[in-house]
Every structure is written in C-alpha cells, then in structure tokens.
Amino acid sequence: AQHTPISPAYQYHTDLEPIKHDPDRAIELLNEAGHEDGIEMELFAANEPSVRVDSAVVMKEMLSEVNIDVEISQISYDQYIENVWKQAPMYMGFYGMRFTEDGILYLLLHSQGEWNEASWSDEEFDQTLNQARQTTDQQKRAELYAKAQQIVHDRGPYAIPFFQEEV
C-alpha cells in the first residue's frame, strides 16, 4: 500500500514509490539509535476481524529479521476499543473504506481529525489537505491529494502494508 491509506479504488489514489525492503539498513539505524541488542515490543491485535491477528503475525515475522522481538497480544474487540485504541503504543488497526479520500485522510491524519489516533501533527499535511477540501478545480484537487499522500508516505505515523477489498 506504500504507506498511504488511499487505495486504488479511489479517484485520487496516487501510486507512490515503494519503500525498499532493506533489513541491513534497518539494523544499522537501530544500532545508531542504541539498540544493538534489539528491541522487544508488544503488538496488540483485536480478534475481529481476523485479518488483524493474521497481519500481526506477518509483521512479527518481518520485524524479527531486524532483531525486533514482537509479542502479539490478541484481545477481544471490545477490550481493544476500551483499552488499546488511541492508547497503546503499537497495535494493528483495520480501516474499511470511507466515501471519499478526504473522509479517510482528515479522519485519521489531520491534526484535528476525530480518529487521529497517533496524535500526528504535520502542518504541511494539514494545509495541503485543507486546500484539497476547498478547491473545486479537479486537477488542483488531484495534485493536492497526491501531495498529501506523499507526505504521509514519507513521514506519516503508520505502516500501511496492504489494501483489502471490502465492497
């Protein structure tokens, strides 16, 4: 998914350059950050829908390549909402489709977004998204949504590995 929440099902989806899989560089960066012995992390995954747990297992395996040991804590969805969502440092989200690109980008990533669970704030992203929401020029809107997706790809708070067809 190239770390953008906007799937190819949307009008303003932008194909982005995939981030190169480079475990050696990841290990270098962890070492530079003082984690020569690796990192242990807990990853929460609600048991519904099951794709959350399945994805957590894949993430655990991928992170083990770079000496990050992930313990998966599988919990019920009600416990996930009550005790994990917007509170825990690392968990598997799962977002279905929204009606528009804006419905996803604003809700999840704008600093004023209701679901901004990562508490991410990026002034350039907010300004770009605000402009995209206000323009009636379709070409300009496409450019602004492309720029917003690039910002999320480059410095956003999520690792978005794939899209799942919901409709």
Can you confirm whether the stretch 93-105 contains a residue that is of a type in the set (S, T, N, Q) and in a loop (DSSP other than H, G, I, E, B)? yes
Give the residues of the stretch 29-60 that are within 17 Å of the chain's Cα centre (by Cα) and hydroxyl-bearing (Ser, Thr, Tyr), sorted by residue number. Ser55
Tally time: how many residues in the stretch 59-75 are in contact (Cβ under 8 Å) with a residue 40 or more places away in the chain and surrounded by fewer than 13 Cβ atoms within 10 Å (Cβ to Cβ)? 1
Does any residue of the stretch 15-32 turn out to be open to solvent by less than 50 Å² (accessible area, probe 1.4 Å), closer than 21 Å to Leu109 by Cβ and out of contact with any Lys or Arg (no Cβ under 6 Å at 6 or more places or on another chain)? yes
Yes or no: the stretch 78-89 includes at least one residue that is part of a helix (DSSP H, G or I) and in contact (Cβ under 8 Å) with a residue 40 or more places away in the chain. yes
Checked pairs for the stretch 146-166, first among the charged types (D, E, K, R), second assigned to a helix (DSSP H, G or I), C-beta under 6 Å and 6 or more apart or across chains, list as Lys147/Thr128
In the stretch 110-151, how many residues are within 22 Å of Phe94 (Cα to Cα), out of contact with any helix residue (DSSP H, G or I) (no Cβ under 6 Å at 6 or more places or on another chain) and in a helix (DSSP H, G or I)? 2
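For the stretch 152-167, what are the residues that are in a helix (DSSP H, G or I) and open to solvent by 80 Å² or more (accessible area, probe 1.4 Å)?
Asp154, Arg155
The values are calculated or read from the model by the stated rules, or taken from the named source; none is laboratory data. Please read these numbers as outputs of a predicted model, since none were measured by experiment. Every residue, glycine as well, gets a Cβ built from its backbone with ideal geometry; the counts of neighbours run over all protein chains shown. These area figures cover heavy atoms from the full protein model, side chains too; ligands, DNA and RNA do not enter into them. Shrake-Rupley method; radii C 1.70, N 1.55, O 1.52, S 1.80 Å.
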